[in-house]
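The values are calculated or read from the model by the stated rules, or taken from the named source; none is laboratory data. Remember, predicted model here, so these are calculated numbers, not experimental data. Cβ placement follows ideal geometry from the backbone for every residue including glycine, while neighbour counts extend to all protein chains displayed. These area figures cover heavy atoms from the full protein model, side chains too; ligands, DNA and RNA do not enter into them. Shrake-Rupley method; radii C 1.70, N 1.55, O 1.52, S 1.80 Å.
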Amino acid sequence: MSRFEQGILIAGIAGLVCCAAGAWLDAKAMLGAWLAAAVFMLGLPLGALTILMVHGLTGGSWGRAVREPLRAMTATLPLALIFFVPVLTRLGLVFPWAGADPATLPETVREKLAYLNVEFFLLRFVGCIAIWLVLIWIALGSTAGRDHQMGRNGKRYGVGLILHGLAVSVFSTDWMLSLEPEFTSTVFALYEAAAQVVAAFALAIIVLAARRAVDVMPGAKEDVALSEDLANMLLGFLLTWVYLAFMQWLVIWGGDLPDEIHWYVVRGHNGWQYVLWLLIGLNVLAFAGLLSRQLKRAHAGLLGLASATLAGHFADVFWRLRPPLLAHGPISLWHDVVAWVGMGGLWLALFIFLYRRPDRMSLWKREAAHG
Amino acid sequence: MSLYGILAVFGEPEALVEAAGGMRDRGYRHMDAFSPFPIKELDQILEIRGSRLPWIVLAGGIASAALAYALILYSVEIDYPINVGGRPLHSWPPFLVIAFEAGILGAAFAAFFGMLAANGLPCYHHPVFNAEGFGYARGGKFHLLVETADPKYRKGVTKGQLRRLGAESVEEIEA
């Protein structure tokens, strides 16, 4: 391990120690912050998995360039799943429907208890984990090596994307939507999946461009700048996300039903409107910047655009998940800081470790060669 | 009939690039080149600017989105204010969708017509087609045109310079 990786890892462990102290002081506040950070971390490998499978179906030189960072991101999925274990031990502290007396719940939530109960919730989560582990095994195995054949895994990726779509839907409904069980939004799962893809792709671009100019990498053509190709893909993913996020707002705003619009009312007051403006501002900045050819071809420009996109996604996850969980005002935001540092440090250390040593993922390669 | 310019024919793309560079060094600026495929080096020699079309497309998109939004605002606020389910007259979320669609349409129109205008189309005839050896059917050679509008242009001198730069043949073109 390099010093850089060790430094990140130590920061992460220090963060985890603070998290343990936070859990001892106020388990409910700590778990709320922890869940938001864990969902963000899991979003990165899930988004990377989506892109790898889509690229396995479509091919294209853009995917060859971003394949290595995406593979390393996908391989961190087991760690991101482990981050959910602390929440699993005390579901009742986070989810209003878990462990509560049904009589105290509102009528609309009581009707949903057939789906929202702890046993079924755990069963679904285990199902999602099983699907994802099989998918990363397939995706990592078939994308290993320098010159793997594209398109041979078409059928597996096709079926895989269907299963992945189901798993992400179940996951986002269970772990994100059910924080406010009276709220319903059918577009939310797709909204989350699009956000994950945006984040994973932005991070992949940052990792690629962090050290060197993107134009000289394998996959670059003579007359088309690879950095521009990648930035255009990012713009496409970003527009998908904007479309879905706006559609949820439009439909709910149009209906103006109490249970639904409440989700936005909570997120538009008590300081949350600033997070909303921040996330809108970052995404507008990224969108406007992604229209400029000069910025997309410049090294610093590409880095800045991808960073703004990733920061916008971060604000988006925070804005969607945190409001119902934050009880004690801005002071308890220190829980968030230690949760982000702890999990982020651990995850980043593993990600950089795997990215720099792709051969450490050889387990996947060997398995695939035999199967 | 007046003279439009002088057309020199070259057998190889390298010869064309070299000759264009040589003519530029001699101070010629009103030149154009014709070749069966794009030659990158010529962009700089002939001072061919990057495309301005993206700005036209952006302007077209923004203008038509603004127009559509203004039209909706006019109709709901001034022309026919009507209460729909208690929503405010200025219901921006659904209006944005229509303005966005109109913006896409305007950008597409701006791209199509802007491309035609930037290329000087429709153009039914161009003086270079008056040249004897011009046209892909006659062998797909590489041509350099020096217009009479160039301040350095002197009929005999220019012809001689083009010959010395390796032109296979040099031809006067009627406008």
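Keeping all protein chains in position, work out how much accessible area B:L116 exposes to a 1.4 Å probe, and write it in Å² to the nearest 10.
50 Å²
Taking 8 Å as the Cα distance limit and 6 or more residues as the minimum spacing, I'd like the relative contact order of chain A as a percentage.
Values: 442 pairs, mean separation 126.1, N = 371.
For chain A, the relative contact order is 34 percent.
Considering only DSSP states other than H, G, I, E and B, which trypsin sites (Lys or Arg not before Pro) in the range B:90-175 qualify as loop sites with at most 15 other Cβ atoms within 10 Å?
Details: sites: B:R138, B:K141, B:K152, B:R154, B:K155, B:K159, B:R163, B:R164; in loops: B:K141, B:K152, B:R154.
Passing both the DSSP loop test and the Cβ count: B:K152, B:R154.
Work out from phi, with θ = phi - 60° and the Karplus expression 6.51 cos²θ - 1.76 cosθ + 1.60, the ³J(HN,Hα) of each residue of the range B:163-175, listed in order in whole Hz, and give x for Gly and Pro.
4, 5, 7, x, 5, 5, 8, 10, 9, 7, 10, 7, 6
Provide B:Y74, A:Y115, B:Y28, B:Y4 ordered by accessible surface of protein heavy atoms (probe 1.4 Å), highest first.
Numbers: B:Y74 110, A:Y115 80, B:Y28 5, B:Y4 55 Å².
Ranked from most to least accessible, the order is B:Y74, A:Y115, B:Y4, B:Y28.
Over the alpha-carbon set of the range B:53-118, divide Rg by the Kirkwood Rh and report the Rg/Rh ratio to two decimals. Don't skip to the end; give the middle numbers.
Numbers: Rg = 14.6 Å, Rh = 12.7 Å.
For the range B:53-118, the value is 1.14.
Can you give the accessible area of A:R297 in Å² (nearest 10), computed on protein heavy atoms with a 1.4 Å probe?
Ignoring ligands and nucleic acids, A:R297 comes out at about 110 Å².
Relative contact order for the range B:53-118 using alpha-carbon pairs under 8 Å, separation at least 6, rounded to a whole percent?
Here the relative contact order equals 58 percent.
Taking the Cα centroid of the range A:28-59 and of the range B:60-96, what is the distance between the two, rounded to the nearest whole Å?
38 Å
Taking the dipole about the Cα centre of the protein assembly as shown, with the C-beta of Lys and Arg at +1 and of Asp and Glu at -1, give me whichever of A:V198, A:G254, A:Y274 is farthest to the positive side.
Result: A:V198, furthest along the dipole toward the positive end.
With a 10 Å cut-off between alpha carbons and a GNM built on chain B, which of B:P122, B:P13, B:P151 moves the most?
B:P122
What does the convex hull of the Cα atoms come to per residue for chain A, in Å³?
Numbers: hull volume 53.3 nm³, N = 371.
Spelled out: Cα convex hull of chain A, divided by residues, is 144 Å³.
Rounded to the nearest 10 Å², what accessible area does B:F100 show when all protein chains are kept and the probe is 1.4 Å?
Answer for B:F100: close to 120 Å² accessible.
Is the range B:15-157 rounded, prolate or oblate when judged by the Cα gyration tensor, a ≥ b ≥ c being the square roots of its eigenvalues, rounded requiring a/c under 1.5 and prolate requiring a/b larger than b/c?
Since a/c reaches 1.5 and a/b is larger than b/c, the shape of the range B:15-157 is classed as prolate.
Classify the range A:224-357 as rounded, prolate or oblate, taking a ≥ b ≥ c as the square roots of the eigenvalues of its Cα gyration tensor: rounded when a/c is under 1.5, otherwise prolate if a/b is larger than b/c and oblate if not. Can you show the working numbers first?
Values: a/c = 2.44, a/b = 1.30, b/c = 1.88.
The shape class here is oblate.
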